[in-house]
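These notes concern the structure reproduced below.
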Amino acid sequence: DPDKVFDKLTSVYDGDKKKTLENTLKKLIEAEKSRREFTANVTHELKTPLTSINGYAEMIASGLVKDGDVEKFSNIILSEGNRLLQMINEILQLSKYDSGYKDKMKKEELDLSEVAEEVTEDMIHYAKIEEINLSFEGEKALLNADRKMMYELATNLISNAIKYNLKGGSVYVKVKNKERSVTLSVADTGIGIKKEDQRRIFERFYMVNRSSNGTMGTGLGLSLVKYIVLNHNGSIDLKSEIGKGSTFIVELPKFVQ
Ligand code: ADP
């Protein structure tokens, strides 16, 4: 029982030492609690697509499915399979981060504008398929950051802005300098996010709505984004209105020599 262990350990000390020990133990207990919760959620979340894959595969295997439905069911199996794969990749990424990735982060001097522009270019093809106008505007914005993480951050925000948009809609990616910081903003003219969901979407596995093309996500992308921002001493801000669109603004400290 963590509470008993807590009392026993903290009873040995008093004063400042007791406080320090209490704080450390509280953090450890919190971390352990969220680790257990995460494991329970992972198991549950992995089961959902797998159950649907097995269900549809079984129907096809039974030979009782109408010809026209075989293709439909196969497509569901394919997209749920892809979702499962993405979920596993993101879970592995999160658990890498959870197990002390902070010490292994490779921070270097880099231009956020260059990263965001590259990611935008990589996404042009995807945006075209979804019939979304995707544009980039930026100025050289130097920061001290882990390159891989910056790509991951931009990729997640831009792909969400495309995914939760409407046909014919737009996505504006902008990088700017401020006095002491640099900002990356990703604005879309998509479906928007309800006030009560705006904080919760950064939690692991939290999903609000299906994307415009009807496929489900994993609910993990923004929790990765939040992790990356916090580990670069930055902040993330969200402005959104239902039916109008959303703007995610990431602010990170500027590079200092
Ligand atoms: P995923 O997109 O895989 O579900 P995320 O963690 O990236 O996971 O996003 C969590 C939820 O936040 C999504 O399910 C979606 O409902 C909502 N969301 C994220 N970005 C946007 C956006 N640009 N516009 C509207 N909703 C969004």
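Annotations
- Filtered by the rule that a residue be open to solvent by 50 Å² or more (accessible area, probe 1.4 Å) and in contact with an Asp or Glu (Cβ under 8 Å, 6 or more places away or on another chain), the range 167-187 gives K167, G168, Y172, K174, K176, N177, K178.
- Scanning the range 59-70 for residues that are surrounded by 10 or more Cβ atoms within 10 Å (Cβ to Cβ) and among the charged types (D, E, K, R) returns a single hit, D69.
- Cβ-Cβ contacts under 8 Å between residues 6 or more apart (or on different chains), taken from a first residue in the range 91-102 that is open to solvent by 50 Å² or more (accessible area, probe 1.4 Å) to a second residue that is basic (K, R) and modelled with pLDDT under 80, are absent.
- For the range 213-257, the candidate set comprises residues that are open to solvent by 60 Å² or more (accessible area, probe 1.4 Å) and within 15 Å of D98 (Cα to Cα); within that set, the residue that is nearest to the ligand (Cβ to nearest atom) is K226.
- Meets criteria (under 24 Å from E139 (Cα atoms) and under 14 Å from the mean Cα position of the chain (by Cα)) for L224: no
- Residues (surrounded by 19 or more Cβ atoms within 10 Å (Cβ to Cβ) and of a type in the set (A, V, I, L, M, F, W, C)) located in the range 188-207: I191, I193, I201
Quick grid of which residues meet (1) under 30 Å from G100 (Cα atoms); (2) among the small types (G, A, S):
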| site | (1), (2) |
| --- | --- |
| D7 | yes, no |
| L21 | yes, no |
| E32 | yes, no |
| A40 | yes, yes |
| G55 | no, yes |
| S62 | no, yes |
| V70 | no, no |
| L85 | yes, no |
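The values are calculated or read from the model by the stated rules, or taken from the named source; none is laboratory data. Everything quoted here is computed from the prediction, not taken from an experiment. We place every Cβ from the backbone using ideal geometry, glycine too, and count neighbours over all the protein chains shown. When the accessible area is computed, the model is the full protein with side chains, heavy atoms only, and any ligands, DNA or RNA have been set aside. Shrake-Rupley method; radii C 1.70, N 1.55, O 1.52, S 1.80 Å.
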